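Student: The structure under discussion is supplied below as structure tokens; questions concerning it will follow.
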Amino acid sequence: MKLTSIKRQFTLSMFSQAYSQSVTIGAQLLVLPLMLWLWGAEHYGVWLLVSTLPTYLTMSDLGFAQVSGNDMTMRVSREDIDGAVVVNQTAWLMNACVSALLLVVSAAFALFFPIAHVFNVPQQLGEGIGLCAFLLACSVILSLTFGVVGSAMRAVGKYWLIISTHATARAFDALLLVGSAAAGGGLVSAAALMLTARVILFVTASALFYRHYGQFRPSIARADRRLLREMIAPSLSYMSYTVSNSVNIQGTSIIVGILLGPAAVVVVSSIRTLTGMGRMCASVVIHSLEPIFAHLAGLGARETQKRNFQFLIGAALAGCAVYGIGMFVWGEAFLAFWTRGVVVDQGALFRLMVMSSITEIIWFTLQTPYVSTNRHSVFAVYFLVFSIVSIVSLVVFLNLSSIVVVGIASLFLHLSTLIITLVLMRSNKAF
């Protein structure tokens, strides 16, 4: 089997991650003001609320795609191709079971859960809201399935392909959302167009990959149930990251929407989006190095791993300095301009979210070699615990204080995670 060299893997991953983050940042910068203009704050706030609900489905694969991808990468690096195929087919078995269950649950939710009533959606904006949620759920389920394809891509040095495909899907999401709104469409038409685009993109990328790596085609013939049980523990712990992020990102939007209304969701979402750009830029380097760490771990190249880790830490600290200065000096003025004057006079929340983002970048960087080699369990559990404490605090205090509580809760979460990461690293050496 022909594998991509480490240097080429890193270069291609950097370009694909840069493309991915450019799409994310570009879409976020352009979509929000356009949608506020086309739909207005309340209508767009309803879309943000509905689109957050299906994201909770991302935790349903139990982190299996990530963990199986790490395992396959380490096996392929030591030329255990047969073992990698077994891992991949085990992941397909897991995905088939989960996807079937999710389709049933999503359909039942869309039919019977009173979404419009719970989120106080005006009657004229609530039409088709259940169908919209179901279509968006199908998009998430499709992405989970493509994640299994991506674990094989990652193992053979094609990590760039899955990153580029997902980025292109997000680009189409943004274009189709704005295009649908401009054409007079509503929630359902936008969600339907997004799902159609994802089907075409994911099927095309999978077909191109399997032409050259046919041994990883979808199958459960060699799925190993014993291996499945062994992978459950690291998968569940990795899922803690997904659960935590969902709780604190989508969960915050839902809580703010219920307690303060859709317009307040736009305020929180726009500030979080702008201040989160530092984390997005940092992930270009971090995610590019993740498969490299897994590959080097399979080879037992400890010294090379240490050098890469030192480079990663240095890059993260330099990036945090540039990001922090830029945000504190120009961030609030840009926020007012970007949101067309909708989000102003939110300086305290903005500054707290900037500090939260810087803290997240640092702990995210420090945990990279552990996550890349499936040694992340303790870190992930602590992050989940802090996430639960943070979101409970938000529920308790949001009604008693101002929207600034969102920033305080976020900073508490990431500062606590950084402290425990430093403590755990002293007793759990990276290499």
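Student: Kindly count the pairs of lysines across the chain whose alpha carbons are less than 24 Å apart, treating pairs on different chains or eight or more residues apart as eligible.
Tutor: Within the chain, the lysine pair count is 5.
Student: In nm², what is the average projected area of the convex hull enclosing the Cα atoms of region 282-431?
Tutor: 9.9
Student: For PHE15 and THR196 in one chain, what is 0.36 nm times their gap in residues minus the Cα-Cα distance, to one decimal in nm?
Tutor: This chain segment gains 62.5 nm when fully extended.
Student: Treat every Asp and Glu Cβ in region 255-427 as -1 and every Lys and Arg Cβ as +1, leave all other atoms uncharged, and give the resulting dipole magnitude about the Cα centre to the nearest 20 debye.
Tutor: That gives region 255-427 a dipole magnitude of about 320 debye.
Student: Would you calculate, for the chain, the mean residue ellipticity at 222 nm contributed by helices, counting each DSSP H stretch of 4 or more residues as -39,500 (n - 2.57) and dividing by all residues, to the nearest 500?
Tutor: So the calculated ellipticity at 222 nm is -27000 deg cm²/dmol.
Student: Using a basic spin-label model with each label point 7 Å from the Cα along Cα→Cβ, how many nm lie between ALA100 and LYS7?
Tutor: 4.9
Student: On to the next question. Arrange the residues ASP224, ASP82, ASP345 by how much accessible surface each exposes, largest first, with a 1.4 angstrom probe.
Tutor: ASP345, ASP82, ASP224
Student: Here is a further query. Report the FRET efficiency, 1/(1 + (r/R0)^6), for ALA221 and ASP80, where r is their Cβ-Cβ distance and R0 is 22 Å, rounded to 0.05.
Tutor: Approximately 0.75, to the nearest 0.05.
Student: Charges on Cβ only, +1 for Lys and Arg, -1 for Asp and Glu, centred on the Cα centroid of region 3-223; of ALA137, GLY157, GLY179, which one is farthest towards the dipole's positive end?
Tutor: GLY157
Student: Just to be sure I understand the rule: take each whole DSSP H helix in the chain, project its Cα atoms onto its long axis, keep it if the span is 27 Å or more and its mean Kyte-Doolittle hydropathy is at least 1.0. Which ones pass?
Tutor: 81-112, 129-155, 159-182, 187-212, 277-299, 347-366, 377-397, 405-427
Student: Would you calculate the separation in nanometres between label points at ALA315 and SER393, each defined as 7 Å from the Cα along the Cα-to-beta-carbon direction?
Tutor: If labels sit at ALA315 and SER393, their model points lie 3.2 nm apart.
Student: Here is a follow-up. Along its three principal axes, how long is the chain when you only count alpha carbons? Whole Å, largest extent first please.
Tutor: 58, 44, 34
Student: Same structure again: How big is the charge dipole of region 3-223 about its Cα centre, in debye rounded to the nearest 20, if each Lys and Arg gets +1 on its Cβ and each Asp and Glu gets -1 on its Cβ?
Tutor: Its charge dipole is roughly 660 debye.
Student: Would you mind working out the magnitude of the charge dipole of the chain relative to its Cα centre, with +1 at each Lys and Arg C-beta and -1 at each Asp and Glu C-beta, to the nearest 20 Debye?
Tutor: 1180
Student: Okay, moving on. Please give, to one decimal in nm, the separation of the simple spin-label points placed at GLU42 and LEU208, each 7 Å out from Cα toward the Cβ.
Tutor: Rounded to a tenth, the inter-label distance reads 4.5 nm.
Student: Set Lys and Arg Cβ to +1 and Asp and Glu Cβ to -1, take the dipole of the chain about its Cα centre, and tell me which of ILE358, VAL406, LEU260 lies farthest positive.
Tutor: Most positive-ward Cα: ILE358.
The values are calculated or read from the model by the stated rules, or taken from the named source; none is laboratory data. All values derive from a computational prediction rather than experimental measurement. With ideal geometry, Cβ positions are generated from the backbone for all residues, glycine too; neighbour counts draw on all protein chains shown. Each accessible area value is taken on the protein alone, full model and side chains, heavy atoms only, with ligands, DNA and RNA left out. Shrake-Rupley method; radii C 1.70, N 1.55, O 1.52, S 1.80 Å.
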